[in-house]
1. When the residues of the range 207-254 are narrowed to those that are within 26 Å of L170 (Cα to Cα) and in contact with a strand residue (DSSP E or B) (Cβ under 6 Å, 6 or more places away or on another chain), which ends up surrounded by the fewest Cβ atoms within 10 Å (Cβ to Cβ)?
2. With respect to I286, is the statement that it is crowded, with 18+ Cβ neighbours inside 10 Å and either among the basic types (K, R) or in contact (Cβ under 8 Å) with a residue 24 or more places away in the chain (or both) true?
3. Starting from the range 181-210, keep only residues that are assigned to a helix (DSSP H, G or I), then list their pairs with residues that are of a type in the set (S, T, N, Q) and crowded, with 16+ Cβ neighbours inside 10 Å whose Cβ atoms are within a distance under 8 Å, requiring at least 6 positions of separation or different chains.
4. Output the residues belonging to the range 32-88 that are over 19 Å from T13 (Cβ atoms) and small (G, A, S).
5. Could you list, in sequence order, all residues of the range 53-107 that are in contact with an Asp or Glu (Cβ under 9 Å, 6 or more places away or on another chain), at pLDDT below 95 and surrounded by fewer than 19 Cβ atoms within 10 Å (Cβ to Cβ)?
6. As an exercise: evaluate S95 against (1) under 27 Å from A142 (Cβ atoms); (2) without any contact (Cβ under 8 Å) to a residue 12 or more places away in the chain; (3) outside any helix (DSSP H, G or I) and give the number of the one condition it does not meet.
7. Mind counting the residues in the range 139-164 that are within 25 Å of the chain's Cα centre (by Cα), surrounded by 16 or more Cβ atoms within 10 Å (Cβ to Cβ) and either of a type outside the set (D, E) or under 21 Å from Y278 (Cβ atoms) (or both)?
8. So is T174 part of a helix (DSSP H, G or I), farther than 22 Å from I256 by Cα and β-branched (V, I, T) or not?
Amino acid sequence: MRMGIVVGGQRETLEQAVAAIVAAEEDGFDTAWRPHVMGLDCLTVLALAGQRTHRIELGSAVVPTYPRHPHALAQQAATVHGATGGRFALGIGRSHQLVIENMFGLEYASGAAHMREYVTILRALLDEGSCNVDGKLYRVHAPLDTREGKGLPILIGALMPKMLELCGRLCEGTLTWMSGPRYIEATIVPQLLAASRAAARAMPRVVASLPVCVTDDAAAARQFAAKHLVVYGQLPVYRACLDAEGAAGPADIALIGTEKEVEAGIRRVAAAGASDFYAGVFPDGIAGSDSVARSRALLKSLCGGV
């Protein structure tokens, strides 16, 4: 299992965002995954970081689909792929109703049908340089006059059955969050395997992520996680994953404890069938604690394969 890390924070400058990715490469991580939420545009950051790194895979986790037309995203993704020397992995997702409807004022509809058409258009534009799709949601007849995107892997945030089937048939991987080893092993891996076999495709990557905190005060860290990650337990798709894991909330699925305990948790994710792990490091909330440094040191020690 390849090791990666979430890069990106709140109220960061552009230089800080790029420097975090450079540091991830220097620390030996295989992958660096940047969220696309309400801060800097993650694709622009990854393109700039591609000019200052040489080896590490750079991925978006994830770009919401509804606010961007698939042709616009294909154009930008191809540019980033070129800027990174072919080291970019495009992670996309539907986001959540709370964001798309309540914050952006867009319609959050069609589910798997939306994602199927979106990925089909992206793939045609990136690999073939043109698209002729008359779908129910998109009608796209346009070229993309660049070959920089050819071979660019497309990953989606697939957790539920319909999305996992779509991923297995059309995509190079799924990006998970708040999904523990029980759900990965019992649901994600077998459904991806069945769908990819039916489509005569290679098994997609399972790129798993969980919150990570190395600390000697696990109770304090769980209290911090329960407060700061509470929203994930309220979003329907993550709630379903937590329920399948038998977790009351995000704090119960986070990997928290000593170096030995957290490493054991990461190895359980690998044993469940994940091909990649990217850690969302968070502090234990204790003033003067070195929990973030300890977490990163442990993750660095596991680079090279778990």
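The values are calculated or read from the model by the stated rules, or taken from the named source; none is laboratory data. Computed from a predicted structure; not experimentally measured. So basically every Cβ, Gly included, is an ideal-geometry build from the backbone, and we count neighbours across all protein chains shown.
1. Only one residue tops the list, namely S209.
2. No: the conditions fail for I286.
3. Listed by first residue and then by second, the contacts come to I184/T176; I188/T174; I188/T176; I188/S179; L192/T174.
4. G59, S60, A61, A72, A74, A77, A78, G82, A83, G85, G86
5. The answer is E101, E107.
6. Status for S95: all satisfied but (2).
7. Adding up the residues that qualify gives 12.
8. So T174 does not fit the description; no.
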